[in-house]
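Worksheet for the structure shown next.
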Amino acid sequence: MTKPLSIVLVTCGSRGDRLLFRYPYEFVSQGSDRGRGLRRSRYVVNSIGQNSRTGVRSPDVELSEYPDDVLAGLLTPKVAMCGQKFQLTVDNVTFVGYPSFARRVAKQDSDGRLQGNNVKSLFQFNVVFALPTDATSYVIAAYHDLVKRLAIGMAHEERRCGFLSEETAIMLAVHEGEAARILEEQKRGETIASSSDKSPFSVVLERSKLSDMLKHAYESLLSDGQVSLLINNWIHVGFILPLITPVMQQLQSDDSDSYAADCLTSFDIRLSRTVVSVSLVNSLLHL
């Protein structure tokens with residue numbers, strides 16, 4: 001079972017491309033307290049993100065090195081690609097998503113009347129899973145199906161009650177508050193707080209129901225390959241990551257066409273023998 005490396009939410013609107021949430025947002029470094037006192041393995045990822053024996057960079061380490069603004073730009077495709085499968089491979093990471101549009105709607109009062117100037121606008125969003133590049137096409141197709149279900153459910157809740165607008169506003173407020181804090185410290189000439197401070201994504205996770213839902217989807221896939229969640233306690237999304245059997249792997253190999261043909265031929269032979277046997281029995285019964 002191919003496990004995801006990360007789940008990411010990006011949006012594109014009047015404020016540009018924004019990465020609002022990614023999980024996990026912390027990676028254990030070589031010098032962290034969590035790694036002290038442990039014997040160093042020759043297979044452990046070193047400080048530059050490479051396996052000390054093979055020199056191959058680990059996908060999760062590469063993913064942690066991508067800045068948020070870079071990921072936001074990479075994972076926000078052109079408008080023409082909305083409503084289609086999205087797949088992008090960078091180094092050792094494959095990103096799988098389903099970019100979609102959501103229509104912001106004016107809120108209604110208790111009598112069902114629209115409040116404000118009844119202005120409706122579109123904004124683009126994309127829920128993306130990061131996978132290792134050795135994921136098979138069968139697995140990638142399954143993740144495409146999952147992100148499509150999530151996107152359709154989120155867009156529906158936006159049309160119904162503005163759920164996505166409210167949640168993204170919460171996330172934006174957290175990130176802009178953090179950016180303002182850093183700018184103020186720079187103006188005062190103070191040293192910016194170290195990485196030991198709470199990550200903005202952890203604050204987002206505390207305040208946003210949508211981020212908690214995305215975290216739940218990621219952790220469910222890690223644990224047993226299944227997802228069962230309610231988007232805004234209204235839309236149910238169920239998903240089971242298919243188990244790749246040796247036969248499926250063989251069908252995806254280079255000689256898959258000949259292998260499939262051999263399987264169909266042997267099936268036809270067995271079917272023909274069955275038909276002949278039935279015909280023979282019927283003939284004997286009528287003697």
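Where a number appears in this text, it was derived from the coordinates with a stated rule and is not lab data. Predicted model, so just to flag it, every value in this text is computed and none were measured. Glycine gets a Cβ as well: all are built from the backbone with ideal geometry, and neighbour counts include every protein chain shown.
Tabulated values for the structure
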| read-out | value |
| --- | --- |
| Restraint check, K148/K209; K85/K215; K187/K215; K78/K215; K3/K85, Cα-Cα greater than 24 Å | K187/K215; K78/K215 |
| Computed over segment 142-235, Cα set: Rg, Dmax in Å | 16.8, 50 |
| Order by protection proxy (mean Cβ within 10 Å, highest first), peptides 124-133, 69-78 | 124-133, 69-78 |
| Distance in nm between pseudo-label sites at I240 and S14 (7 Å out along the Cβ direction from Cα) | 4.6 |
| Distance between modelled label sites at L222 and I182, nm, 7 Å Cα→Cβ extension | 2.4 |
| Length added when fully stretched, V70-Q84, from 0.36 nm per residue minus Cα-Cα | 2.9 nm |
